[in-house]
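The structure under discussion appears below in the form of structure tokens.
No value in this document is a laboratory result; all are computed from the given coordinates. Everything numeric in this text was worked out from a predicted model, so none of it was measured. In this analysis, Cβ positions are derived from the backbone assuming ideal geometry, glycine residues included, and neighbour counts consider all displayed protein chains.
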Amino acid sequence: MIKFLRLFFLIGLLFNGFLASAQERNIKGILTDKKAGIAIPGATVRVKGKHQAGMTDKDGRFKMKVNAGEVLVFNYVGFETQEVTIQPNTDIINVSLIESSKSLTEVQITGAFGIRRKAKELGVATATITGNDVTQTQVVNPLNGLQSKVAGLQVNMFDGGVNPQVRVTLRGARNINDAKNEPLFVVDGVPLATVTYYNPQAGGTKRDASAISLINPNDIEDITVLKGASAASVYGSQGVNGVIIITTKRGKSGQGTINFSHATTLENVGWLPKLQDTYGSGFNGVYQPYEVRSWGPEYDGKMVKVGPVLPDGTQWELPYSPIKNQKSDFFNTGITNQENISFAGGDEKSTYFLSGQYVNNNGVIPKDQSKKTSLRFNGSRDFGKLKTSYSVNYVQTNTSTTTSEPWNNVRSIPSFIPLDALKDWQNTPYAKPEYYFSTTTLNPYWAIDNQRQDTKQENLTGNVSFDYQVAPWFKATYRVGLTSVNTGYKSFGNKFDDASIPYRYYGTDGNILTAVRKSTSFGGTSAGMVNDQTINNQQLNSDLLLQFNKDFGRFSTRLLLGQNYQDIQYKFVQVGAAALNFPDLYNESNLTGNLNGGSQITHQRRYSYFGEFTVGYNNYLFATLNGRRESVSLLSADNRNYFYPGANVSFILSQAIPALAHSNVLSFAKLYGSASKSGNVTVEPYALQNIYTSVDGFPFGNIPGAAINAQNLSNNLKPEFVYSYEGGIQLGFFKDRLHFEGTYAYADSRDQILDIGTSFASGFGSAKSNAARMKSKSIELTLNGDIIKTKDWSWSAGINYTHNDNTVVSLTGGQETLNQWKGLYLSVGDRYPTYQLPDYVRDPQGRVVINAATGLPSQASALTDKGTSQPVHMLGFNTSIRYKRLQLSTQIDARWGNMFYTAGAENITASGLLPKSAGEGFGRDKFIFPNSVIETSPGVYVENTSVQTNGDFAFWNTYKNILSNNVFNGRFIKLREIALNYDFPIQVLGHQKAIKGLYLSVYGRNLVNLRAKDNIFGETEFIYLSGVGFSGWRTTPSTRSYGFTLGLTI
């Protein structure tokens, strides 16, 4: 691999040498907006009649090697094209472009298979954002740079830890299996492979997701979002949830450039739950030196003994007073350093782009870190009729994280315990496992050092494309791409034994007492463990495309015929030891007992033939028909072949209606609509037949045997089909200074594959079946405008709004509800999914009915609908203000209309840390339950004014188990991004010629987080496993970050 990478650098150096040998005359200048007087960056500058082309830099400057008499052509979206003939002895030319009155009609986007299309031809909703928009705050994962920037696009993080996973959906949830709702990601025309990730803060659970998170965001030129199944129909079943197309940067003809940047980002925990600090360690008002729960007496500042008697006969003593910022001081200030470098250039025949990135990320959890190295080489070569392009990307990440659930542990520790005193567990007796104060948990710092997972992931992606111009109207393209991701996981937990040392402590009377240590999920006696896993994901993708373009008078035609082959292979191997012989040695040979392990190998293939035909009339009316026949190896021979069609139409009113063609107000108007039927297969490989697996102890003893799987599988599974319809309008006003787009989308997903529970009398606990139907409705509105545009000042702003309504239509067998996960249910006629949770017994007025004898409330037998976990409304707002070389940009993200459940609230209540348990109408003493009634006779209720409830552990444990107490309003408004950028004038660097550009940027992410008043517990944006709107008790808190970038161009 090292030799392979060295070769790329050598190729880049050879290209630079080739360019240096050119002898043409250097022509340089500045390209500006004639009306505003400002520079135009990113404009195309090419030599007419040649393949030689370049691009203006951020200051509008360009430099080309041309001969006298040749013509330079200047082109930029929204402006009229201008040509300039080079005169003899000319060295400098400055050019000003005039705004085009019909600029939106010429906008091009990257469509399916990387083919550039005029946006006006498309009858579907799309959106495009630039690479600069993605990297505004130097995100490591490019998906985080998309948050709230595209209507209909939703991005959720899993937690605030180091290198967290990210989940993306378009237009809400279309599939009842929430793990199957993510879009397809395509890079340079090649679909990315699915990669297996493990989340150590979610019990090591497995999740499959796209390898897009491994892409270097600084390599991205632009991103095109095809939002619905109609827009992505030619991509087949993998594009049924929409497609996100990433185009990476390429070299340009002209003098080579080198870009370098350094970024440092600091990260702090931004929001911790509110906890009571009135009461400390103990139970039901009695202090206990071994109790981690805060059900003890009120803090009084007196010295108390903590933990067991130490080897020297003493006992740890502390003042019984809460420590300010005890929880927040546990977290580190995370720091991420990024180094980015790129080389780009080319001549009239070849281009190259070579980039490298190194990221070192130390997270907010002590000792959690991630390191990422990325190398990319993109190139092209023009052989006349044959054009080739090629790309190789290698990414290696090394991540080390604790598996000990540190936040769950730290959160429960009473607030008078100084956490800093527990750090040096090697040399501090009361910090060691055998002398730690708690009988149910471990010292979090010991656990951080001794319970970990190390991950090494290597991703190699490459593709090569051949374009052959058979005739002016016929082009043939063949493209093949390969993605190979190898991941190694090593999880380990150290061996320790605290059971051999009795837990003895001094009672209040001075006598020695004994406590019993109890085993919990992150405490107690441990035999140690080690587990090694390797996973290989490999995907081969092959496309053959035939493109025909021909005009017949007023009619234009475009025909695309294609064939796709995809081969996906997966291999998993695992070996482990559940008990270690010696501590500190994490090798399976250091085991007691037997090794455990297993392996899994899967192989799936997909063949497809597709076509798309577009006809245009007079450049204002376009109609497209497409169809795809697909064969998928995941289904049986009887069901694996299916065909699905689609159609869309686009009508440019501003060109079709003469009265609008010369309007000074309405500069562009387009109506569009589409309809499609898309197939989809969500079943995993080899999930059609019941199989037997080897088991020990069957029928008894150590006799080996075989057992059938617990789920009844069916060979009759059919593909799902999604019927999609979409309509929209695009408007441009005042020479496209103001843009509006509105879209309505509808999708009907039928025969969804679902796991359903069955009676164990059948011999199985569940069955896989085409068992559900769901409808989705979306409204998307986008408004962008240039408010001010002068030589020194510019101000632009934009807003996008999304309304999602995803509803369960039917379930198999006439069922009305089906539990999906935890308290999330599928309920016919309700939004997907809904919280249905236990609540109090209430009277018709909603007041809580309590027991007249005990004062305790009762739990209702029926579940209560608490609303959907998916946000119904999403809004993004952005604005950018520039004064000369200084620019301020902000991004605001808002979501509402959903509920949020946190398992952390359960643990906080059980630990005695809920603020309500220390006051606010409740408390630890006797109180009258607020808004309560007593049932004096059946159906007769009177207000409770005298029956009191004991505020002890028994009551609060009942409170915790009534799960509706743990669900809250999920709305939020965030200052998602803010960045201040300054481009230095080159004059500040003196008379040198090497550095062409220098900039400094300071930025912040999630600096402001406004949320519902009743939510004092968790980040509503986070998800746990696949549960949107659900946060686990392990989840690391959210963070806010801020930093700076310094970059230069040579």
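The value of relative contact order for region 514-622, using C-alpha pairs under 8 Å at least six residues apart, is 30 percent. In order along region 655-661, the Karplus-derived 3J(HN,Hα) couplings, from 6.51 cos²θ - 1.76 cosθ + 1.60 at θ = phi - 60°, round to 9, 7, 9, x, 5, 8, 4 Hz, and Gly and Pro are given as x. Among the DSSP beta bridges whose two residues both lie in the chain, what percent are antiparallel, rounded to the nearest 5? Given both bridge residues lie in the chain, the antiparallel proportion sits at roughly 95 percent.
Using R₀ = 60 Å, calculate the FRET efficiency as 1/(1 + (r/R₀)^6) where r is the Cβ-Cβ separation of Asn596 and Lys48; round to 0.05. Don't jump to the answer; show the numbers that get you there.
Details: r = 70 Å, r/R0 = 1.16.
Result of the calculation: an efficiency of 0.30.
Each of His603 and Ser858 was given a label point 7 Å from its Cα along the Cα-to-Cβ line. The distance between the two points is 6.3 nm.
Once fully extended, how much extra length lies between Leu513 and Trp896, figured as 0.36 nm per residue of separation less the alpha-carbon to alpha-carbon distance?
Working: separation 383, 0.36 × 383 = 137.88 nm, distance 5.36 nm.
Full extension from Leu513 to Trp896 adds 132.5 nm.
3J(HN,Hα) along region 253-259: 5, x, 5, x, 10, 10, 10 Hz, from the Karplus curve 6.51 cos²θ - 1.76 cosθ + 1.60 with θ = phi - 60°, whole Hz, x for Gly and Pro.
Applying 0.36 nm per residue to the separation of Lys926 and Ala797 and subtracting their alpha-carbon distance, the gain on full extension is 40.8 nm. The modelled label-to-label distance between Ala706 and Thr812, using points 7 Å beyond Cα along the C-beta direction, is 2.5 nm.
Amide H to amide H distances under 5 Å link Ser148 with Val155, where only residues 5 or more positions off or on other chains count and H is placed in the peptide plane.
For Thr130 and Val828, compute 0.36 nm times the residue count separating them, minus their Cα-Cα distance, and round to one decimal in nm.
Numbers: separation 698, 0.36 × 698 = 251.28 nm, distance 4.08 nm.
Answer, rounded to one decimal: 247.2 nm.
Given R0 = 35 Å, the distance between the Cβ atoms of Val665 and Lys884 translates into a calculated FRET efficiency of 0.70.
Using only side-chain charges placed at the Cβ, +1 for Lys and Arg and -1 for Asp and Glu, the dipole size of the chain relative to its Cα centre rounds to 3000 debye. Note down the net charge around Leu266, summing +1 for each Lys or Arg and -1 for each Asp or Glu among other residues with Cβ under 13 Å from its Cβ. Cβ neighbours under 13 Å give a net charge of +1. Computed packing ranks the peptides 123-129, 377-383 as 123-129, 377-383, most packed first, by mean other Cβ atoms within 10 Å. Taking a point 7 Å from the Cα of Lys1013 along the Cα-to-Cβ direction, the residues of region 901-919 with backbone N closer than 17 Å to it are 916. Karplus-derived 3J(HN,Hα) values for region 503-516, using 6.51 cos²θ - 1.76 cosθ + 1.60 with θ = phi - 60°, are 8, 10, 8, 7, x, 5, 8, x, 7, 7, 10, 10, 10, 9 Hz; glycine and proline are entered as x. In this simple spin-label model, placing a label point 7 Å from the Cα along the Cα-to-Cβ direction at both Thr388 and Thr278 gives a separation of 7.7 nm. Computed per residue of the chain from DSSP H runs no shorter than four, each worth -39500 (n - 2.57), the mean residue ellipticity at 222 nm is -1500 deg cm²/dmol. Cβ crowding within 10 Å, taken as a proxy for footprinting-reagent exposure, orders Glu339, Glu726, Glu741 from fewest neighbours to most as Glu339, Glu741, Glu726. The amide H of Ser526, built 1.01 Å from its N in the peptide plane, has Phe496, Asp498 as neighbours under 5 Å, considering only residues 5 or more places off or on other chains. Applying 1/(1 + (r/R0)^6) with r as the Cβ-Cβ distance of Val575 and Ser631 and R0 = 25 angstrom yields a FRET efficiency of 0.10.
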